[in-house]
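> Please see the structure below; I have some questions.
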Amino acid sequence: MLRLQIAIAAGRLAGRASQLLGRGGSAVPGLVAERIDPRLIDRLVASIPRVVVVTGTNGKTTTTKLLVGMLESAGRRVVTNPTGSNLARGVATRLIEVARRGRVDTDIAVFEVDEAAVRALGPRLRPAVTVVTNLARDQLDRYGELDTTAAHVRSALEHAAIAVLNADDPMVAGLAGTAGADRFFGGSDPVRAQMPDDRTLYGDAGGPRPGPEPSVLVRAAEPAGEGQRAALTVDGEDLEVRLLLPGVYNAYNAAAAVAAATALGVEAAVAAGAAAGVVPAWGRGQTVEYRGRRVRLLLVKNPAGFNQAIRLLAGEEPGAQVMISINDHTADGRDVSWLWDARVEDLAGTGHRFVTSGTRALDMAVRLKYAGAAAEWAEPDPRTALDRFVDGVAAGGTATLVPTYTAMLDLLHLLQPDTHRREAWT
């Protein structure tokens, strides 16, 4: 216990020092504390009655936020890692923040966990429920081939009591039978057609649903203002859900969260009703006011996610102003060849105006040119690019930013300079 207490104290001190130096500190406390007590996570989690893990390629942050909202609406006290810091050090940091006398006083913890880190964290967290949103090729320089990622997730599921799985994703559906029990979510045929899995993304013809019929089914999803209306069937009960989150992919995220919430004893109607009050996490369809304009952010990290952003952009009225900001830092993936796997050609003929920014602004400009949707200019510096982009938007108008992960963080500091990352995510 003494070692744990020293680790917690040292971690908190390191976090405060990091913040004073302007370096954020969302992972530093956990990194320092685990050096002192490598079993810190195991010890603190032992005091939590139930743990939920949310993992997968896309949708982890949004699904986690939706599930937390549903559990809180049902009266549960919830601890989560809201900053998107989803490696072991991020989980450890959050536990350090809420620990008192070596314990965490809460009803349940919901942790977003990176799909490569989940293999090691699974046996340490021993979750009551593990949600797997989807599996798609992402950052091949870091994760390797998709079969490797699936093996990481499968190993983690061996330590879960219940797995909540995407019935429409062959790689995820193939994980059935690994956890103690399975629960599935998915979409009707028209909805499924808008959510291609990794194989159809790369040219496979697809086919019938690869998994069993879902317990939570997205029957329909249609735009409604800046969000959407989704029709769900939950264990035979039809429900309507109003989401502040755009895109069919977010209807899937909501279905995953409902499936997990009901597996944890929350009534379906309570879970569905709570979804309506969950605002987008920073960059996930959020709109902010900036210099008299409205700026919407659509995070992209891989071809599957980029295709969903492209689908949203292609459905807008001609003349939309769009800045695509591509970075190649470690958190983004150093290899940006994935830009050529996305359906950028679908933007040709939309009549939209495109510009590019980020460390790989020129790469994105080349991709747009070959797609027939040439960029008007490319500017690597984020501040210069943002100012130039916004200056081209009429006062009171709306523009869209499409950034990768670290580019999104750059934009956070520019668009909302006094906002801490934790505040932005929550």
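Quick note: the coordinates plus some simple rules give every number you see, no bench work behind them. All of these numbers come straight from a predicted model, not from anything done at the bench. All Cβ positions, glycine included, derive from the backbone under ideal geometry; neighbour counts span all protein chains shown.
> Given Cα pairs under 8 Å that are at least 6 residues apart, what percent is the relative contact order of the chain?
Normalised by residue count, the contact order of the chain is 13 percent.
> Taking the Cα centre of the chain as origin and charging only Cβ (+1 Lys, Arg; -1 Asp, Glu), how large is the dipole, in debye to the nearest 20?
In total the dipole reaches around 1580 debye.
> In segment 93-166, which GluC sites (Glu not before Pro) fall in coil by DSSP and have 10 or fewer other Cβ atoms within 10 Å?
Sparse-neighbourhood loop GluC sites (Glu not before Pro): E145.
> To the nearest 500 deg cm²/dmol, what mean residue ellipticity at 222 nm is calculated for the chain from DSSP H runs of n ≥ 4 alone, each contributing -39,500 (n - 2.57), summed and divided by the residues?
-11500 deg cm²/dmol
> Now, a different point. Tell me the label-point distance for the pair W377, A120, using the 7 Å Cα-to-Cβ offset, in nm and rounded to one decimal.
Result for the modelled spin labels: 4.5 nm.
> Grab the Cα-Cα distance for R16 and E226, subtract it from 0.36 nm times how many residues apart they are, and report the gain in nm with one decimal.
71.9 nm
> Can you report the principal axis dimensions of segment 284-425 using only the alpha carbons, biggest first, rounded to whole angstrom?
Sorted largest first, the three principal extents are 38, 35, 24 Å.
> Do any GluC sites (Glu not before Pro) in segment 202-295 lie in a loop, going by DSSP, with at most 16 other beta-carbon atoms within 10 Å of their beta carbon, and if so which?
Passing sites in segment 202-295 are E226, E267.
> Contact order normalised by length for segment 1-79, with contacts defined as Cα pairs under 8 Å and 6 or more residues apart; what percent is it?
22
> How much space per residue, in cubic angstrom, does the convex hull of the C-alpha atoms of the chain take up?
Per-residue hull volume (Cα only) is 129 Å³.
> Still on this model: Using square roots of five times the C-alpha gyration tensor eigenvalues, list the equivalent-ellipsoid semi-axes of segment 7-136 in whole Å, biggest first.
The answer is 22, 17, 14 Å, longest axis first.
> Quick check: the distance between the Cα centres of segment 66-124 and segment 226-281, to the nearest angstrom?
21
> Hey, got the dipole for segment 46-275? About the Cα centre, +1 on K and R Cβ, -1 on D and E Cβ, debye to the nearest 20?
In total the dipole reaches around 980 debye.
> Which trypsin sites (Lys or Arg not before Pro) from segment 9-77 combine a DSSP loop assignment with at most 14 other Cβ atoms within 10 Å?
Here the trypsin sites (Lys or Arg not before Pro) that fit, given the DSSP loop and packing criteria, are R23, R39, R77.
> Which Cα, out of L264, P210, T178, lies furthest along the positive dipole direction of the chain (beta carbon charges, K/R +1, D/E -1)?
Ranked along the dipole, the leading option is L264.
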